[in-house]
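Undergrad: Sharing a structure, written as structure tokens. Questions coming.
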């Protein structure tokens, strides 16, 4: 994915609201988890936009996102819980886009996608 141009409003939200006072990768991960858990309105429909070796989802497949994955699963990347083939499992948020989601959920998804596209990681 090409790096998007810098978005000053999004950068300020990330720095001042999400990772404020986060000095270590662990603190940044916790900041992102808390932000996403508070701004994603569950449940919501999602479409897979990127296949990943760690996920069974295929491009274009739709799933229902039910919750954030447990904090300990999100120490290196943000995962969400999805219903998939009569099971519930965690998949990377970076591989999903919202389908018909509310504005707050859309912004939170886009904030995470932007941060990842900028090359950040924990």
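Undergrad: With (1) in contact with a helix residue (DSSP H, G or I) (Cβ under 8 Å, 6 or more places away or on another chain); (2) surrounded by 16 or more Cβ atoms within 10 Å (Cβ to Cβ); (3) more than 20 Å from residue 18 (Cβ to Cβ) as the list, and residue 49 as the residue in question, which single condition is left unmet?
TA: (2)
Undergrad: When you look at residue 50, is it under 19 Å from residue 95 (Cβ atoms), modelled with pLDDT of 95 or more and out of contact with any strand residue (DSSP E or B) (no Cβ under 8 Å at 6 or more places or on another chain), yes or no?
TA: Values: under 19 Å from residue 95 (Cβ atoms): yes; modelled with pLDDT of 95 or more: yes; out of contact with any strand residue (DSSP E or B) (no Cβ under 8 Å at 6 or more places or on another chain): yes.
The answer is yes for residue 50.
Undergrad: Quick one: count up the residues across region 77-122 that are closer than 17 Å to residue 34 by Cα and more than 12 Å from the chain's Cα centre (by Cα).
TA: 3
Undergrad: Among the residues in region 66-74, are any exposed (fewer than 13 other Cβ atoms within 10 Å of the Cβ) and assigned to a loop (DSSP other than H, G, I, E, B)? If you could, list the steps in order and put the result at the bottom.
TA: Filtering region 66-74 down to residues exposed (fewer than 13 other Cβ atoms within 10 Å of the Cβ) leaves 70-72.
Restricting the remaining residues to those that are assigned to a loop (DSSP other than H, G, I, E, B) gives 70.
Yes, that holds for at least one residue.
Undergrad: Something else: Just name the residue that is nearest to residue 57 (Cα to Cα) out of those in region 75-112 that are touching a strand residue (DSSP E or B) at 6+ places or on another chain (Cβ under 8 Å) and assigned to a helix (DSSP H, G or I).
TA: Checked region 75-112; the qualifying residue nearest to residue 57 (Cα to Cα) is 95.
The values are calculated or read from the model by the stated rules, or taken from the named source; none is laboratory data. Here the structure is a predicted model, which means the values were calculated and not measured. Quick reminder, even Gly has a Cβ in these numbers, built from the backbone with ideal geometry, and neighbours come from all protein chains shown.
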